[in-house]
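**Q** The structure follows.
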Amino acid sequence: MYAWQGKVLRVDLTRGTFSTEPLRTDWAKTYVGARGLGTKYMYEEVDPTVDPLSPENKMIMLSGPLTATFAPCGGRYEVVTKGPLTGAIAAANSGGAFGPELKFAGYDAIIFEGKAEKPVYLWIKDDKVEIRDAGALWGKNVPETTDALREVTDPDARVACIGPAGEKLSLIASIMNDHHRAAGRSGVGAVMGAKNLKAVVVKGSGAVQVADQKGFYEACLAAREKIKAHPVGGTGLRMYGTNVLTNILNEVGGYPTNNFQTGTFANADAVGGETVADKQLERPRGCYGCVISCGRGTKVTNPKYAGEGEGPEYESAWGFGGDCGVDDIDAVTKANYICNELGLDTISMGSTIACAMELYEKGCFTKEDTGGIDLSFGNAEAMVEITRLTGLVEGFGKELAQGSYRMAEKYGHPELSMSVKKQEIPAYDPRAVQGIGLNYATANCGAAHVRGYTISPEVLGVPVKVDKDDIESKPGLVKTFQDLTATIDSSGACLFTTFGIGADEYAAMMTTATGTTYSTDDIMTCGDRIFTLERLWNLKAGLTKADDTLPPRLLNEALTEGNSKGAVSHLDQMLPAYYELRGWDADGVPTPAKLEELGIQA
Amino acid sequence: MKVRYFALLRDITGCKEEEWTRPADTVGGLIHDLVARYGSSFERWVMKDGKIWDLVMILVNGRDVRQMSGFETPLKPDDTIVIFPPVGGG
């Protein structure tokens, strides 16, 4: 077969055995790969009511058909499992070069089952697979683990691993690959930790065959040129990274500050992308096959927060910056480095600290409880220290390691957790930008900006400007963005390619790569199918319409200052139309007719 | 009026913000004046095919001119104008 490698590696950690099996090509064609295919395997093989941290939950690492090809930004892979933070289907996407290496080794996916008796890591060199003891690595952080494993396997091997946060089952733990890249969200790192799986190490020497070499080359070349010619994809992201958004969101009054208590931050510029470029940027970095290079290779020379690494991205800079009331970019970047080293999701970490700061200022706990840490908004040193403690799951960090919802619930104020389905909301205030609120409420993995990034039209005007305050246009806009995103995530390419190309270009690349004809409509239908299957999984897991909501603050408390003053989210007015457009009933359940249309057997 | 710049427009203009005293009745008029002042490097990031680029984000007192009267949006001396060249993220 073409584009897909046609082979799945299944690892039984309980028995310490593994086997290979043919890829289900019928599933691959309709669910594409990565996110979509992983959801299909989960749907067919795992009881959605399973305890996410039990051996019965499975964890699947998948590439997509465009991963490791000439497709622009074809460097992605996905971790699909039941998320312990959310109880929902989790699909955490990451770049770097791990996904392509998995493909070069000959696999479309690795399915992890069971739980190892003691810490292990998986070493894959093409057809040679070993489950090895990882006792000496347990407790080590991400760079230590990565370097040690390359030393004992292959210096060019690619490593995906967990840090102490994942080992100790923090519900906001990430899986890190290539040192700095994160499959970050929903607590996927805790699933790996619960399986006693410290790392996956891969070295491949194969290649990916495409069906129509000339046609694929031409389709990819055309797509690459469009991205490079686009002012955002071709230039803007490389120069300032994603964090250029700080000032933009602040100017429109949608920059969540002090745990979403306001939508503007007086000194936002101090933690924005322009400041990072001036003070910390060493060079832009890209993942495998990247033509954009949004990554930030940075260095902090301030002795108090000295370090070197990648980031911060916009979401991370916001989480540790404005959301915590912190305007010290060196502290922000240091907290980002700590998350990468200890294996934490930066969005959930920043937002959970912000929630803790509000609880602290409201007197829900004291300095005695926190071990002497003054968790007042704006305290940069405290923000960095509590990040470290959370990553190590020590001291008061144990409280934050469970995420903001469980922490806030324990102290009697779950409404102060700025989360959806218990997953922390990213860096755009849904009161100031209506469509992104609808996306947060309906994203199957819990609040996530990269499930339907309507900020692009609503704020940036890419590809065209849409009124951010309008609500009538948003159900259709959100569905379109969610469906296209689901297919792109599943293809193995990067979502940022949409700053230049769209469904037409993906149809051309997918058709020539796989030999299966995908029209532009097919690209959107695949996304609809994937999104709907995720929804079915969640419903079977016990989630309901009641989970498609936002924190009461965002629905009831109007913004009090800034350029979106007076705004609240009008989710209740958008949700019914959204369900209808999706072919779901009034309770958010996909109708039999819709399932038949998509070819899904419930 | 006050004009504030972001991203590489700061490098081109050499400032984060400035008081602009030359009269400009509309956003379009202001942009043309700024192009005249800062030259081709500024023009490259705000103009396309001889027109003001619709991917440029211009806010007048916090409101996006693309949701007002576009480049015909009138200006007053006490307005604050914010200009972002085409950028993005996520």
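**Q** Of all the residues that make up region B:54-86, how many are of a type in the set (A, V, I, L, M) and closer than 14 Å to A:Lys465 by Cα? Lay out the reasoning, then the answer.
**A** Going through region B:54-86, the residues of a type in the set (A, V, I, L, M) turn out to be B:55-60, B:65, B:68, B:75, B:81-83.
Add one more test, that the residue is closer than 14 Å to A:Lys465 by Cα, and what stays is B:55-59, B:65, B:68.
Total meeting the criteria: 7.
**Q** Just need a number here: residues in region B:1-41 that are more than 14 Å from B:Asp79 (Cβ to Cβ), buried (at least 16 other Cβ atoms within 10 Å of the Cβ) and within 14 Å of another protein chain (Cβ to nearest Cβ).
**A** 8
**Q** Now, a different point. In the list A:Tyr217, A:Tyr255, which residue meets the criterion of being hydroxyl-bearing (Ser, Thr, Tyr) and assigned to a helix (DSSP H, G or I)?
**A** Going through A:Tyr217, A:Tyr255 in turn, just one is hydroxyl-bearing (Ser, Thr, Tyr) and assigned to a helix (DSSP H, G or I): A:Tyr217.
**Q** Additional query: Any residue that is more than 14 Å from chain B (Cβ to nearest Cβ), over 25 Å from A:Cys290 (Cα atoms) and in a helix (DSSP H, G or I) - is there at least one of those in region A:505-515? Break it down into steps so the answer makes sense when it comes.
**A** Within region A:505-515, the subset more than 14 Å from chain B (Cβ to nearest Cβ) is A:505-515.
With the extra rule that they be over 25 Å from A:Cys290 (Cα atoms), the set shrinks to none.
No: zero hits.
**Q** Report, by residue number, each residue of region A:566-595 that is crowded, with 16+ Cβ neighbours inside 10 Å and part of a loop (DSSP other than H, G, I, E, B).
**A** Correct list: A:Ala567, A:Val568, A:Ser569, A:His570, A:Gly583, A:Gly588, A:Val589.
**Q** Now, a different point. Identify the residue in region B:51-90 that is more than 10 Å from chain A (Cβ to nearest Cβ) and of a type in the set (Lys, Arg) and, among all such residues, is farthest from A:Val252 (Cα to Cα).
**A** Result: B:Lys51.
**Q** Is it the case, given these coordinates, that A:Asn247 is more than 14 Å from chain B (Cβ to nearest Cβ), within 21 Å of A:Tyr428 (Cβ to Cβ) and of a type in the set (S, T, N, Q)?
**A** Working: more than 14 Å from chain B (Cβ to nearest Cβ): no; within 21 Å of A:Tyr428 (Cβ to Cβ): yes; of a type in the set (S, T, N, Q): yes.
It is false that A:Asn247 is more than 14 Å from chain B (Cβ to nearest Cβ), within 21 Å of A:Tyr428 (Cβ to Cβ) and of a type in the set (S, T, N, Q).
**Q** Mind checking whether some residue in region A:308-321 is surrounded by fewer than 20 Cβ atoms within 10 Å (Cβ to Cβ), farther than 28 Å from A:Leu550 by Cα and at pLDDT 95 or above?
**A** yes
**Q** Looking at region A:106-121, can you tell me whether even one residue there is among the small types (Gly, Ala, Ser) and either at pLDDT below 95 or closer than 24 Å to A:Gly6 by Cβ (or both)?
**A** yes
**Q** Just to be sure, is A:Lys198 among the basic types (Lys, Arg), over 26 Å from A:Tyr2 (Cβ atoms) and touching a Phe, Trp or Tyr at 6+ places or on another chain (Cβ under 8 Å)?
**A** Numbers: among the basic types (Lys, Arg): yes; over 26 Å from A:Tyr2 (Cβ atoms): yes; touching a Phe, Trp or Tyr at 6+ places or on another chain (Cβ under 8 Å): yes.
Yes; evaluated as a whole, the condition is true for this residue.
**Q** (1) surrounded by 23 or more Cβ atoms within 10 Å (Cβ to Cβ); (2) within 14 Å of chain B (Cβ to nearest Cβ); (3) of a type in the set (D, E, K, R): which one isn't true of A:Arg181, the others all being true?
**A** Of everything listed in (1) surrounded by 23 or more Cβ atoms within 10 Å (Cβ to Cβ); (2) within 14 Å of chain B (Cβ to nearest Cβ); (3) of a type in the set (D, E, K, R), A:Arg181 misses just condition (2).
**Q** While we're looking at this one, here's another question. If I ask for residues that are surrounded by 22 or more Cβ atoms within 10 Å (Cβ to Cβ) and in contact with a strand residue (DSSP E or B) (Cβ under 9 Å, 6 or more places away or on another chain), which ones from region A:462-485 would you list?
**A** A:Lys468
**Q** I'm told A:Cys355 meets every condition in (1) in contact (Cβ under 8 Å) with a residue 60 or more places away in the chain; (2) touching a Leu at 6+ places or on another chain (Cβ under 6 Å); (3) part of a loop (DSSP other than H, G, I, E, B) except one. Can you identify the failing condition by its number?
**A** Of everything listed in (1) in contact (Cβ under 8 Å) with a residue 60 or more places away in the chain; (2) touching a Leu at 6+ places or on another chain (Cβ under 6 Å); (3) part of a loop (DSSP other than H, G, I, E, B), A:Cys355 misses just condition (3).
**Q** For region B:21-39, give me each residue that is of a type in the set (S, T, N, Q) and either touching a Phe, Trp or Tyr at 6+ places or on another chain (Cβ under 9 Å) or in a strand (DSSP E or B) (or both). Quick ask: steps written out before the conclusion?
**A** As a first pass, look at region B:21-39 and keep what is of a type in the set (S, T, N, Q): B:21, B:26.
Hit for region B:21-39 is B:Thr26, nothing else.
**Q** Which ones in region A:444-459 are of a type in the set (A, V, I, L, M, F, W, C), within 11 Å of chain B (Cβ to nearest Cβ) and either in a loop (DSSP other than H, G, I, E, B) or surrounded by fewer than 24 Cβ atoms within 10 Å (Cβ to Cβ) (or both)? Spell out the reasoning first.
**A** First pass over region A:444-459, keeping only residues of a type in the set (A, V, I, L, M, F, W, C): A:445, A:447-448, A:450, A:455, A:459.
So of that shortlist, the ones also within 11 Å of chain B (Cβ to nearest Cβ) come out as A:448, A:450, A:455, A:459.
Answer for region A:444-459, where residues must be of a type in the set (A, V, I, L, M, F, W, C), within 11 Å of chain B (Cβ to nearest Cβ) and either in a loop (DSSP other than H, G, I, E, B) or surrounded by fewer than 24 Cβ atoms within 10 Å (Cβ to Cβ) (or both): A:Ala448, A:Val450.
**Q** Residue under question is A:Asn439, and the condition is that it be at pLDDT 95 or above and not in a loop (DSSP other than H, G, I, E, B); does it hold? Walk me through it before giving the result.
**A** Working: at pLDDT 95 or above: yes; not in a loop (DSSP other than H, G, I, E, B): yes.
Judged against the criteria, A:Asn439 is a match.
The values are calculated or read from the model by the stated rules, or taken from the named source; none is laboratory data. Every value quoted in this text rests on a predicted model; they were computed, and no experiment measured them. Counting neighbours? That spans all protein chains shown, and the Cβs are built from the backbone with ideal geometry, glycine included.
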